[in-house]
1. Of all residues in the stretch 245-281, how many are open to solvent by less than 10 Å² (accessible area, probe 1.4 Å) and in contact (Cβ under 8 Å) with a residue 24 or more places away in the chain?
2. Of the residues that sit in the stretch 60-81 and are over 10 Å from Tyr251 (Cα atoms) and in contact with a strand residue (DSSP E or B) (Cβ under 9 Å, 6 or more places away or on another chain), which one is farthest from the ligand (Cβ to nearest atom)?
3. Could you list all residues from the stretch 158-193 that are within 16 Å of the ligand (Cβ to nearest atom), open to solvent by 10 Å² or more (accessible area, probe 1.4 Å) and β-branched (Val, Ile, Thr)?
4. Any residue at all in the stretch 228-236 that is within 16 Å of the ligand (Cβ to nearest atom), buried (at least 19 other Cβ atoms within 10 Å of the Cβ), farther than 16 Å from Ala90 by Cα and in contact (Cβ under 8 Å) with a residue 60 or more places away in the chain?
5. Restricting to the stretch 194-220, name every residue that is charged (D, E, K, R), within 16 Å of the ligand (Cβ to nearest atom) and over 13 Å from Pro120 (Cα atoms).
6. Sort out which residues of the stretch 108-125 are of a type outside the set (Phe, Trp, Tyr), in contact with an Asp or Glu (Cβ under 7 Å, 6 or more places away or on another chain) and on the phi < 0 side of the Ramachandran plot, and write them in order of number.
7. Might you let me know whether the stretch 276-285 holds any residue that is closer than 21 Å to Ile328 by Cα, touching a Gly at 6+ places or on another chain (Cβ under 6 Å) and modelled with pLDDT of 95 or more?
8. What are the residues in the stretch 372-387 that are more than 13 Å from the ligand (Cβ to nearest atom) and within 13 Å of Thr358 (Cα to Cα), if any?
Amino acid sequence: MTDKLSEIYMEMGISKTLADKGETILNSLENRFKAIDETAEYNQLKVLGAMQKARVSEGCLHGTTGYGYNDLGRDTLEEVYANIFHTEDALVRPQITCGTHALALALMSNLRPGDELLCPVGKPYDTLDEVIGIRPSIGSLAEYGISYRQVDLLPDGSFDLEGIKNAINEKTKLVEIQRSRGYATRPTLSVEKTGELISYIKSVKNDVICMVDNCYGEFVETIEPSDVGADMVVGSLIKNPGGGLSPIGGYIAGTSKCIENAAYRLTSPGLGKEVGASLHVLPNMYQGLFLAPTVTASALKSAIFASYMLEDMGVEVSPKASETRYDIIQEAILKSPDKLIAFCKGIQAAAPVDSYVTPEPWDMPGYDDQVIMAAGAFVSGSSIELSADGPLKEPYSVYFQGGITWPHGKFGILKACQCLLDS
Ligand SMILES: *Cc1c(COP(=O)(O)O)cnc(C)c1O
């Protein structure tokens, strides 16, 4: 590290010892970073090719208002998503308010009373508890007479194939597979593993809809779950595919039938995809998608760097520093509420927006326990931007993600480590 760089790190509150430690660790990561850059290069061309194939034009960047009939930019963006995910169709809208909404929409539109939903990789993401009705809630799938079954992963993290086979019955209509770990201590699934599970499920029951919660997984690998048999992939535009620029939105990419169902549910029976003005968000959605492969790469580098720094400090991390990544989430098992809060304070202090505020645990809608969140983001709550959060419960894990530029991700981790050391 040059003296000049060292100096600005010190000015920004990072000790020379810690900054030097970071350099030593980085020197050993050259090959891993190179592999990440290669994936980003591949995905950059995939996205570019998808845009060119769909003939994205300057006119696509102009939005519509009101009903949004004949919204060229919206319809073309959906074609671009379908090209990227190699699906028949896609629904990509600012009217899909967040990831949970996209998932709820995919589920509610493709399930009917009397159907059963199966989660074969354990309990899904916390906010789906109320969607499914695991925790009673107004408007849940349970209220509409849609039943739910769950098969947990085996203790070693592998699929319980026997249990899954036994759980599939004549009512099983849709299987929801969550790729990322969410707030659970379990392995993230690679696309390849996800594909193996889908093949197995289809071998038991051929016509079951396989839906993948793809949150945090987009562009981490060169293939997506829809390349290995998923009928629907679902995610949030304030995570990877929004590239940090999309100010809102969610996507569902999948078969024509699944997307048609989703569109009629999102707007109204009879209207479907024909309405839904894109307002003024299309330039950000397009440009964010264009940036998404390299932004995801920055987030991945940040996660890997964090895991090595923390392991070095004696903190248990998951995935372990040396493990291959299938999403951008890094969990650190901090084992004390004070450390969890200190880590989040460090991330907040490293933010470009609201760096001077102190994050506090709060009762967040959709979550059972109090949650602490550090995010000083340009897009509120965006977790492709540098952010950290965790529920205040044993084992006091912090989930760290994002960093839309690698230098910022690196700085944020150093700052969080400095806060941990000082606490
Ligand atoms: C973030 C996330 C969700 C929910 O997305 P929100 O935009 O926060 O509603 C669902 N599943 C997984 C795996 C996630 O990471």
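The values are calculated or read from the model by the stated rules, or taken from the named source; none is laboratory data. These numbers come from a predicted model, not from an experiment. With ideal geometry, Cβ positions are generated from the backbone for all residues, glycine too; neighbour counts draw on all protein chains shown. Accessible surface areas use protein heavy atoms only, side chains included; no ligands, DNA or RNA. Shrake-Rupley method; radii C 1.70, N 1.55, O 1.52, S 1.80 Å.
1. So the answer is 13.
2. Just the residues of the stretch 60-81 that are over 10 Å from Tyr251 (Cα atoms), to begin with: 60-77, 79-80.
Then drop every residue that is not in contact with a strand residue (DSSP E or B) (Cβ under 9 Å, 6 or more places away or on another chain), which leaves 74, 77, 79-80.
Numbers: Arg74: 20, Leu77: 19, Glu79: 24, Val80: 21 Å.
Ranking the candidates gives Glu79 first.
3. Across the stretch 158-193, the qualifying residues are Thr185, Thr188.
4. Pass one, the stretch 228-236, residues within 16 Å of the ligand (Cβ to nearest atom): 230, 232-236.
With the extra rule that they be buried (at least 19 other Cβ atoms within 10 Å of the Cβ), the set shrinks to 230, 232-236.
Cutting the leftovers down to farther than 16 Å from Ala90 by Cα gives us none.
So far as the stretch 228-236 goes, no, none of its residues is within 16 Å of the ligand (Cβ to nearest atom), buried (at least 19 other Cβ atoms within 10 Å of the Cβ), farther than 16 Å from Ala90 by Cα and in contact (Cβ under 8 Å) with a residue 60 or more places away in the chain.
5. Scanning the stretch 194-220 gives a single hit, Glu218.
6. Result: Leu117, Cys119, Pro124.
7. No, every residue in the stretch 276-285 fails to be closer than 21 Å to Ile328 by Cα, touching a Gly at 6+ places or on another chain (Cβ under 6 Å) and modelled with pLDDT of 95 or more.
8. Within the stretch 372-387, Ile372, Ala374, Gly376 meet the criteria.
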